[in-house]
Amino acid sequence: MKRASFLAVGIAAALVLAACGEDDDSEPSAGDAGSTPEPADIRVWLTPDTIPVIGDYLKTTFEEQNSGSTLTIEEQPWEGLVDRVTTATTSESDTPDVVELGNTQASSFTFAGAFTDLSDMKEDLGGDDLLSGLVTSGTADDKLYAAPYYAGSRVVFYRKDLLAAAGLEVPTTMDEFVETATALKSANPEGVDGFSGYWLPGQDWRNGQALFWDAGGDWALQEGDAWVNKVDTPEGIAGLQRVQEIFTNASGAPKDGNEADPVTPYCAGQVGMFSAPPWVVGQLTDGIIDPATQEVTAPGCPALTTPEILGTFTLPGSDGQAAPVMLGGSNVGVPATSQNQELAKDVIEIMLSDEFQTMFAKQGMLPAKSSLSDQLPQNEANAALGPTLETGKVTPPAPAWGSAVEGGRVLEDLFVNIANGGDVEQLAADTGAQLDELLN
């Protein structure tokens, strides 16, 4: 599929200037080739996953290397990110200079002509050392438009003391996991209101889909030139029924809530188990910190993160191997409408430097370069992470997935309806029909 060929009319019209630049092989630039760009304030949109100390390093390093220029990090919540990026990258006057997107969202923007071609930088950024899955997410027509930033997988965090008090053990199969989560909620050893044996908010398809995938379900597969949904297959329905079982019997999380903040319910004693990337342990210990103000927006609970209380394990699959959890991550790109192309590319170079990526690794996040994976901390959470890297899955790499499916909150709606007791077979059929239309 060629770039910009699938794009909705409104977005395509807004991006026509960038698309014309593609046609004549020109790129926006801050000046003539080889010239020093004029100083500017570079705006960088990053999600909360980039913790303040890493953001500070990016700002300081950039400003030291580019005298007279400044760098401002504007934190962008994951919620509604696709819509905000779509709007911002179509505005020459208000576009950020560097944008982070989830790997499942990036393809929509690369195919849409929203980002500048970074292919001539690829070798300098890491070449074959870059994580291939994230390179694919940021590539269109064999050109790199969004560079890998970091990757992440998910493990199960659990309260060792609560499992012991309930007479339960760490599960080794998916059936045992569902049974354990249900029994733990029923036991509720500390008698906490709103307690979850396994915390799964209603919108949390990113964690819930592991149960769907484990049963053999899939959102869509490419068959020829078309994307065909696999939601309303027997396997898909069985997987979604298992998700509903967790919602009904094991989770006390809000049926319309999202997964953005597991820290608050965990620290309130309301969570026996939950799934998250390993780096969340830092938030459990120190709280969630707003990088702009350095204020703690959700306090941590160090007393509940000691080795005697907090443990981790790999979500088990039906075959006893690791379940197919979502392999996530992020890509970073330079909007084609940015007026500071060369300075923005300097930011990308810092983000992909060994020094910057090593900082990510030491926070428990998979660096964008394979050679730096040995910098991950040696702890229980990262040990549990290892098996997921072989069995983990990604959402369909369809160009329209990010904008149409994630931007349209299709799976959030599906999971909320499942959480509220909807008919799974009918919901699967309806969602499958939506995907067939949206992805083609």
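Could you please let me know if Val394 is touching a residue at least 60 places away in the same chain (Cβ under 8 Å), under 22 Å from Asn207 (Cβ atoms) and over 19 Å from the mean Cα position of the chain (by Cα)?
no
Failed condition for Val53, given (1) in a loop (DSSP other than H, G, I, E, B); (2) at pLDDT 50 or above, with all others met?
Here Val53 meets the rest and fails (1).
When you look at Val156, is it at pLDDT 95 or above, touching a strand residue (DSSP E or B) at 6+ places or on another chain (Cβ under 7 Å), among the hydrophobic types (A, V, I, L, M, F, W, C) and farther than 28 Å from Ile309 by Cβ, yes or no?
Criteria not met by Val156.
Name the pairs whose Cβ atoms lie under 7 Å apart, with the first residue in segment 283-303 and within 18 Å of Thr72 (Cβ to Cβ) and in contact (Cβ under 8 Å) with a residue 40 or more places away in the chain, the second of a type in the set (Asp, Glu) and surrounded by 12 or more Cβ atoms within 10 Å (Cβ to Cβ), and 6 or more positions between them or separate chains?
As it stands, the answer is Pro291/Glu75; Ala292/Glu75, since those pairs meet every condition given.
Pull up segment 142-165, narrow it to residues that are among the hydrophobic types (A, V, I, L, M, F, W, C) and in contact (Cβ under 8 Å) with a residue 40 or more places away in the chain, then point me to the one that is nearest to Lys122 (Cα to Cα).
Step by step, filter segment 142-165, then rank; the result is Ala147.
Those residues that are in contact with a helix residue (DSSP H, G or I) (Cβ under 6 Å, 6 or more places away or on another chain) and surrounded by fewer than 21 Cβ atoms within 10 Å (Cβ to Cβ), I need them from segment 187-214; list them, please.
Pro189
Can you tell me how many residues in segment 209-232 are out of contact with any Gly (no Cβ under 7 Å at 6 or more places or on another chain) and of a type in the set (S, T, N, Q)?
Here the count works out to 2.
Determine whether segment 115-122 contains at least one residue that is of a type outside the set (D, E, K, R) and within 16 Å of the chain's Cα centre (by Cα).
No, the conditions are met nowhere in segment 115-122.
Quick one: in segment 78-96, which of the residues that are in a loop (DSSP other than H, G, I, E, B) and more than 16 Å from the chain's Cα centre (by Cα) is surrounded by the fewest Cβ atoms within 10 Å (Cβ to Cβ)?
Looking at the filtered set, the residue picked out is Ser93.
Can you list the helices (runs of 4 or more DSSP H) found entirely within segment 123-227 that contain at least 2 residues being under 22 Å from Thr50 (Cβ atoms) and not charged (D, E, K, R)?
Result: 132-137.
Scan Asn258, Asn207, Asn188, Asn249 and give me the residue that is without any contact (Cβ under 8 Å) to a residue 12 or more places away in the chain, closer than 30 Å to Ile309 by Cα and not small (Gly, Ala, Ser).
Asn188 is the lone residue from the list that is without any contact (Cβ under 8 Å) to a residue 12 or more places away in the chain, closer than 30 Å to Ile309 by Cα and not small (Gly, Ala, Ser).
Quick one: which helices (runs of 4 or more DSSP H) sit completely within segment 234-336 and have at least 2 residues that are more than 30 Å from Met351 (Cβ to Cβ) and of a type in the set (A, V, I, L, M)?
Passing ranges, in order: 234-249.
Just checking, which of Thr391, Thr431, Thr395 is modelled with pLDDT under 95, within 18 Å of Ala215 (Cβ to Cβ) and crowded, with 22+ Cβ neighbours inside 10 Å?
Thr395
The values are calculated or read from the model by the stated rules, or taken from the named source; none is laboratory data. Model, not experiment: these values are computed from the prediction. Methodologically, a virtual Cβ is constructed for each residue, glycine included, from the backbone with ideal geometry; neighbour enumeration extends over all protein chains shown.
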